[in-house]
Every structure is written in C-alpha cells, then in structure tokens.
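> Before I ask anything, let me first share the structure, which is written out below as structure tokens.
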Amino acid sequence: MRKASAALLGLLLASAALAQGIDGKWWKRPRIAQELQLSAEQTAELEKIFARSKPKLIDLRADLEKKQFDYDQAMLEEKVDRNAIETKIEAREGARAALQKELALLELDMKQVLKPEQRERLMRLRENARMRQQERRRRMRDEAMDEDAAREEPRRRRATP
C-alpha cells in the first residue's frame, strides 16, 4: 500500500513536470521554442506568468507531500483508525486537487499568451511526448516481464521431473 501511494505521488509529480516541461519552463527548450516560433515578447510573458505561480506551486507540492507522508505514517500504525485514515485521505486528495487546479490555471494563463496555431502545435508536441512516454513504459514493462520469465524458467525445469 505504501509503495502504491509513493508511486501515485511520483506519477502525479512526473505528469505535472511533463505537462510543464523540464523545471516547468518548456518555452526555454530550444526545439519547442523553435517549433512554436515564440517571439521574445511571448517568452518574456511566459516567464512572468511562471515566476508569479512558482511560489504557490512549491507550497502546494510541499503540502501534498506532507499530507501523503501523514497518510503513509498512519497506515503503518499497528492499530489503524478508519476515520482518521479517511480524514487523511480527504486531506491528501484536497491537496492534490489544489495542486492540479493551480497547474491547470497556470497552463490556461500560458495558453493565453500563445496564438491559436501555437497552441495547436504545443498540444501536438505534448501528445507526441505522452505517446513516447507510454511506449517507453510499455517497453520497460515488457522487458521486466521477459526478465521475470527468464528467471522463472530454470526453476520450472528443476521442478519438472
């Protein structure tokens, strides 16, 4: 259960990072800036929007991590109080929702800086990145399954008379 919670948190943070680009500054990545044909004014405005939102995002991520930690610790206790756990789940999910809301509003503010054709190109780039990431995950999962099967094979041979 603890590993699943940590994995979910990691997935959330990774997806937020992917949605915003490395360190949240996708507009500073040369390939993306060139593909979108960002002007200097647009880049400056995106930087201002990001700088305005970053402190709040830091606080929201920290709050989510704290709530996740509280939940994890409560789940490790010998005697678990269902109501207390439910309260911690609600607090954690409220923190997650607040972070997701802020990220969505940041994305909305940034999209307002882009021209319609730039928004379309950005959506295509993100979709392509999402598909590549899914493919990498699928390959890694398949490789791990192949490795597990290869390790199991000698055991099966020894067990079979």
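> Restricting attention to the range 46-83, which residues are touching an Asp or Glu at 6+ places or on another chain (Cβ under 9 Å) and either more than 17 Å from Asp109 (Cβ to Cβ) or of a type in the set (Ser, Thr, Tyr) (or both)?
Correct list: Ser53, Lys67, Ala74.
Yes/no matrix, rows are residues, columns are (1) within 25 Å of Ala33 (Cα to Cα); (2) of a type outside the set (A, V, I, L, M); (3) exposed (fewer than 14 other Cβ atoms within 10 Å of the Cβ):
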| position | (1), (2), (3) |
| --- | --- |
| Asp63 | no, yes, no |
| Gln73 | no, yes, yes |
| Leu99 | no, no, no |
| Leu106 | yes, no, no |
| Glu153 | no, yes, yes |
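> Taking Gln133, is it part of a helix (DSSP H, G or I) and either over 19 Å from the mean Cα position of the chain (by Cα) or among the aromatic types (Phe, Trp, Tyr) (or both)?
Numbers: part of a helix (DSSP H, G or I): yes; either over 19 Å from the mean Cα position of the chain (by Cα) or among the aromatic types (Phe, Trp, Tyr) (or both): no.
Here the answer is no, as Gln133 does not meet what is asked.
> Continuing with the same structure: What single numbered condition from (1) over 24 Å from the mean Cα position of the chain (by Cα); (2) modelled with pLDDT under 95 fails to hold for Glu107?
For Glu107, the failing item is (1).
The values are calculated or read from the model by the stated rules, or taken from the named source; none is laboratory data. Everything numeric in this text was worked out from a predicted model, so none of it was measured. No Cβ is skipped: glycine too gets one built from the backbone with ideal geometry, and neighbour counts run over all protein chains shown.
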